[in-house]
Amino acid sequence: MALDPKLLELLVCPVTKGPLTMSADKDELISRSARLAYPVRDGIAIMLETQARVLSDEEIEALHAHHVHHVHHAHHAHHAHIPTSP
């Protein structure tokens, strides 16, 4: 069972109060600012620092590359020409 996307919008990292993103396999909530991955079990986010996994430098770099890719696409989508009716 996946975490409700509306809930994800409300949750913040308990350590840094920064934003969280869902991992690609949807089994962790990622806090880039704290470099932690909080587990999601049966659709429930376990928001305890003691249960979080520390992200490696390689994982942080991959997240940064993925974020830059999404920002780039979002930027182009924002500037896409949308015809208007006369």
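Observations, loosely collected:
- Identity of the residue in segment 6-20, within 14 Å of Arg53 (Cβ to Cβ) and among the aliphatic types (A, V, I, L, M), that ends up least open to solvent (accessible area, probe 1.4 Å): Leu20
- The single condition among (1) open to solvent by 60 Å² or more (accessible area, probe 1.4 Å); (2) under 13 Å from Leu3 (Cα atoms) that Ser23 does not satisfy is (1).
- Matching residues in segment 52-70 - criterion: being at pLDDT 95 or above and surrounded by 12 or more Cβ atoms within 10 Å (Cβ to Cβ): Ala52, Arg53, Leu55
- Residues that are in contact (Cβ under 8 Å) with a residue 40 or more places away in the chain and part of a loop (DSSP other than H, G, I, E, B) were ranked within segment 26-51; the one that is surrounded by the fewest Cβ atoms within 10 Å (Cβ to Cβ) is Asp42.
The values are calculated or read from the model by the stated rules, or taken from the named source; none is laboratory data. As the structure is a computational prediction, the values presented were derived from the model and not from experiment. In this analysis, Cβ positions are derived from the backbone assuming ideal geometry, glycine residues included, and neighbour counts consider all displayed protein chains. What goes into the accessible areas is simple: the full protein's heavy atoms, side chains included, and nothing from ligands, DNA or RNA. Shrake-Rupley method; radii C 1.70, N 1.55, O 1.52, S 1.80 Å.
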